[in-house]
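Report on the structure given below.
The values are calculated or read from the model by the stated rules, or taken from the named source; none is laboratory data. Small disclaimer: the values here were computed from a predicted structure and weren't measured. Backbone-built Cβ (ideal geometry, glycine too); neighbour counts: all protein chains shown.
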Amino acid sequence: MKTFTEQKFDIPELKGISKKSVEEHLGLYAGYVKNFGALNAEMSALMPESEKHMHAISELLRRLSFEFGGMRLHEYYFAELQGGAKPLDPNSSLAQAINETYPSENPEERIKKLLKNIGSMRGPGWAILYWDPKSRQILAGFSGEQHQGHFVTLPIILALDVWEHAYILDYGASGKGKYIDAFFENLNWGVCEENFKNAHSAQ
Ligand SMILES: [Fe+2]
């Protein structure tokens, strides 16, 4: 199996999200990469006697998808914060696709409001914008932790982390709404446009 390596991100100073919070958050991301590798190694060691280790293996399988989700979703999230804030180009193919599913005068504001509504609910760990290549439309959804609740197979256009660890340092336990506003103030929509182009051209 190829090894999974921690990606490095060049994140500028953010408005409303402290350097310390970003540093700690990057540390959590590094943990997901490390744990995913360690769990894979444990699985390989137990597999030759899978009958004997059945219960341990089933727990490892659950943990594997959790750690993998944490690894990948954070890679989307931190990439979206690189390069500085950039608005959604209203003439981009992403803006047009958003308008087809969620018609409005301002697609950027429409998605911000939608993901804020999803992310503000009690429960979701992530608010996510997807592209469905089969029905050819943008869809908004969420993941309960980071591996449950996903629209499986759909490529991700925008991933917004709404776990408490993303905002508790800067805003306290009840500050999720303020954090989501700050996230969108720092979001580089150019990265989402690129995610959309890649998802669109892969069909
Ligand atoms: Fe996170």
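Going by the conditions given, is Glu100 outside the structural domain of Leu60 (by TED's automatic domain parsing), over 23 Å from Ser65 (Cβ atoms), free of Cβ contacts under 8 Å to residues at least 60 places away in the same chain and acidic (Asp, Glu)? So Glu100 fits the description; yes. For the range 99-111, state whether one or more residues are of a type in the set (A, V, I, L, M, F, W, C) and out of contact with any Asp or Glu (no Cβ under 9 Å at 6 or more places or on another chain). Yes. Could you grab the pairs with beta carbons closer than 8 Å, sequence gap of 6+ or different chains, first residue in the range 14-26 and modelled with pLDDT of 95 or more and assigned to a loop (DSSP other than H, G, I, E, B), second one within 12 Å of the ligand (Cβ to nearest atom) and among the β-branched types (Val, Ile, Thr)? Sorted first by the residue in the range 14-26, then by its partner, the pairs are Leu14/Val22. Answer yes or no as to whether Ala30 is under 22 Å from Tyr167 (Cβ atoms), in contact (Cβ under 8 Å) with a residue 12 or more places away in the chain, outside the structural domain of Glu185 (by TED's automatic domain parsing) and away from the ligand (no atom under 16 Å from the Cβ). In short, no.
Yes/no matrix, rows are residues, columns are (1) over 17 Å from Met71 (Cα atoms); (2) of a type in the set (Ser, Thr, Tyr):
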{"site": "Asn117", "(1), (2)": "yes, no"}
{"site": "Ser120", "(1), (2)": "yes, yes"}
{"site": "Gly125", "(1), (2)": "no, no"}
{"site": "Trp131", "(1), (2)": "yes, no"}
{"site": "Phe151", "(1), (2)": "yes, no"}
{"site": "Val162", "(1), (2)": "no, no"}
{"site": "Gly177", "(1), (2)": "yes, no"}
{"site": "Phe184", "(1), (2)": "yes, no"}
{"site": "His200", "(1), (2)": "yes, no"}
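Among the residues making up the range 155-167, those that are surrounded by 16 or more Cβ atoms within 10 Å (Cβ to Cβ) and either within 15 Å of the ligand (Cβ to nearest atom) or at pLDDT below 95 (or both) are Ile156, Leu158, Ala159, Leu160, Asp161, Val162, Trp163, Ala166, Tyr167.
Scanning the range 82-97 for residues that are under 20 Å from Phe183 (Cα atoms) and outside any loop (DSSP other than H, G, I, E, B), we see that the one that is nearest to the ligand (Cβ to nearest atom) is Lys86. Scanning the range 35-81 for residues being within 16 Å of the ligand (Cβ to nearest atom) and outside any helix (DSSP H, G or I) gives a total of 1. For the condition of a type in the set (Lys, Arg), within 16 Å of the chain's Cα centre (by Cα) and away from the ligand (no atom under 16 Å from the Cβ), Lys116 qualifies.
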